[in-house]
Amino acid sequence: AAVLVGATKAVKITWDPATDENAGEKDVERYVLWVRPTASALWGDPLVSIPSGLATYQFTDANVTPGTQYVYALAAEDCTPSLSTLAFSNNVTP
């Protein structure tokens, strides 16, 4: 989920662990997050990579432009390293 944070015009992204992090194959090593303006078709380089094994997952993106609509994509990366199917946020306009 992506939500706006206060008057600072930051976007806070939170997510639950992937199924294979604590069950199944138990091979999730990190989560990779991308962001792009919804007007752009290109994702570019990942915004951040966060190691697995945390009690809660969140990232606050303070590098946003007020009035620009953004979408975030998240994937779990395993040890091979293969990425899961992307999960997309709702569109967010700070």
Can you list residues whose amide H is under 5 Å from ALA10's amide H, if they're 5+ apart or on another chain and H is modeled 1.01 Å from N?
VAL5
How much length is gained on full extension from SER40 to ALA55, taking 0.36 nm per residue of separation minus their Cα-Cα distance?
2.1 nm
Judged on accessible area alone, 1.4 Å probe, highest first, ARG30, ARG36 line up as ARG30, ARG36
Go ahead and estimate [θ] at 222 nm for the chain from helices alone: -39,500 (n - 2.57) per DSSP H run with n ≥ 4, summed, over the residue count, rounded to 500.
-500 deg cm²/dmol
Out of CYS79, GLY24, VAL11 - ranked by how far each Cα lies towards the positive end of the dipole of the chain, with unit charges on the beta-carbon of charged residues - the top one is VAL11
Interchain or sequence-distant (5+) residues whose placed amide H lies within less than 5 Å of the amide H of GLU29 are GLU77, ASP78, CYS79
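The values are calculated or read from the model by the stated rules, or taken from the named source; none is laboratory data. Here the structure is a predicted model, which is why all the values come from computation and not from measurement. Cβ sites come from the backbone with ideal geometry, for glycine too, and all protein chains shown count toward neighbours. Ligands, DNA and RNA are stripped out before the accessible areas are found, and what is left, the full protein with its side chains, is counted by its heavy atoms. Shrake-Rupley method; radii C 1.70, N 1.55, O 1.52, S 1.80 Å.
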